[in-house]
Structure formats: structure tokens, C-alpha cells
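Report on the structure given below.
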Amino acid sequence: MTSKDCSGISEQSFYFAKRFYTIHTSPVLFSDKKIRKNLFLQFFYATLQNKVLYYYRNKMENKEVISTLSEIKNLMEKSSKFLSLSGLSAIFVGIYAFIGAYIAYYILDPTKITTLNINTPYRLQIIVILALILLTISLITAFYLSWIKAKKNGLRLRLDSISIRLLINFFVPLLAGGILCFSLLLQQHYGLTSSIMLIFYGIALINGSKYTYSNTRYLGYAELILGLIDSFVPGYGLLFWVAGFGLFHIIYGVFFYLKYDRRK
């Protein structure tokens, strides 16, 4: 209904109210019950129309306000957060982790299922090279799938201030953990390597979640807790590593894809 309709109904109510008052104050007309009843019903109907119109106008205005606020919120999120992450990238990273663990297990030490016996410089080199290959492939996959998602949503994947903040907040803890792990490997302290990887990776996810999807921090919490548990359970580093970087990534990637990517 338009404002014109509203004003029309208001004038109609005023007209019936005026007539009702005139009849009520007129001894001759007021004695006619049919006239009084008919006029009262007309006045009641017009008043009811006014109330219904007022209700629906307020309801429509509230919907418009909510819609406007939702649009403003989306614009603010797009301008303050990196929203081109893809759930498929997390799934692929998890798959890469399983492949890497398979290679490390069967090439380096096929006699033990839970640990890796890195007791020679050659095996250390293999581990470092394998880790760098997995990291490189994972980053390339994440970048490529993010580029596809951004293109699909009509956005440009560029290195702006938000992307820089995300990269800094994510890679500073990750780099610190990587340097610490490399130092431990050089000194042949292998026991806490997997737990340190998980802990610092979890911190990196929590730290970077401020500039992307906020639920990324839950994956960070899971990695952090798993790393702390791993530090109390010696001898099972490979299993914890596979669970954190493999299984958790796949589970989170499926959840992320179903919630954000599939509906786009």
C-alpha cells in the first residue's frame, strides 16, 4: 500500500467518526438503531484497516532496515576481511599431508608406524625437502583456488592492505615455529618437532582469523590442543602430525565448502 492509500483510509476514518459524533449528538438520528449500528460498523472497519495498514507498513520498514544493515555488514566484511579462501584448498592440503606422511613412513622408516627415525644427515635432508615440497604445493593450491573463487564472485585477488595483514599475522608465527623446528632437527632433538609444528600452526591460524573467516580460529584451536597433547605423548609424533595436518584439514575443508562455497 502507498501513502496515498494510508491517507485515504485516515480521511475515511475521520469522516465516519464525524458522522458518528453528529448522529450521537442528534436526538432524532441517534434514536435510529440501524443508522447507529451501521455507522459504528463502518467506523470500526475503517479503524481496523488503519491498524492493519500501520502494522504492515512498520513490518515492511523493519525488513528494509534489516536488509540495509545486512548489506552494510557485508560491505564492511568485504572491505576489512579476506573472503576469497576456498574450502577445497583445505581439503587438498589434508590430502597432501596424508601423501607426505605415507612417503615419509615407507621411505624413511617402514619398521615403525608412529615415529620417524631421523638419525642420519641423509634422512634429515629428505625430511626437510619433503616438508618444503608439501608447503610449496599447499601454498600454490591455496592461491590458485582462492583466485578461482575471487574470479567467480566478481572480485580481484590483489595484494591490498587486508591481504598483507593476513599474511603477516599468519606467517610470522608459522615462520617462527619453522625456524625452531629446523633448529631442533639440526641438534637431533626430534621428539617435540611434530608438536611444535602443530602448536605454531594453530597459533598462526588463530592469529590470521581476524582478517578472514572467523571460524578459521576453531581449526587453529584444534591444532593447538592437538599439539599440546602430542607433547605429552612421546613416540606418536607422526600420527599426531597426520591427524592435525591431514584429517583436521579435510574435516574443516568439507565444513567450509558446504557452508560458504557450495551455495555461491
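None of the figures in this text is laboratory data; all of them are computed from the coordinates on show. All values reported here derive from a predicted model rather than from experimental measurement. Positions of Cβ are generated from backbone atoms using ideal geometry, with glycine treated the same way; all protein chains shown enter the neighbour counts.
At a 10 Å Cβ-Cβ cut-off, how would you order Arg262, Arg217, fewest neighbours first?
Listed from fewest to most nearby Cβ atoms, that is Arg262, Arg217.
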Starting at the first residue of the range 158-167, write each ³J(HN,Hα) from the Karplus equation 6.51 cos²θ - 1.76 cosθ + 1.60 with θ = phi - 60°, in whole Hz, x for Gly and Pro. 10, 8, 9, 5, 5, 4, 5, 4, 4, 5
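In which sequence would Phe245, Phe182 go, from the one with the fewest C-beta neighbours within 10 Å to the one with the most?
Lowest count first: Phe182, Phe245.
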Cα-centre dipole for the range 85-261 with unit charges at Cβ (Lys and Arg positive, Asp and Glu negative), debye to 20: 580 debye
Check Thr212: other-chain or 5+ apart residues with amide H under 5 Å from its amide H, H built from backbone geometry? Phe82
Placing +1 on the Cβ of each Lys and Arg and -1 on the Cβ of each Asp and Glu in the range 85-261, which of Gly253, Ile99, Ile148 has its Cα farthest towards the positive end of the resulting dipole? Ile148
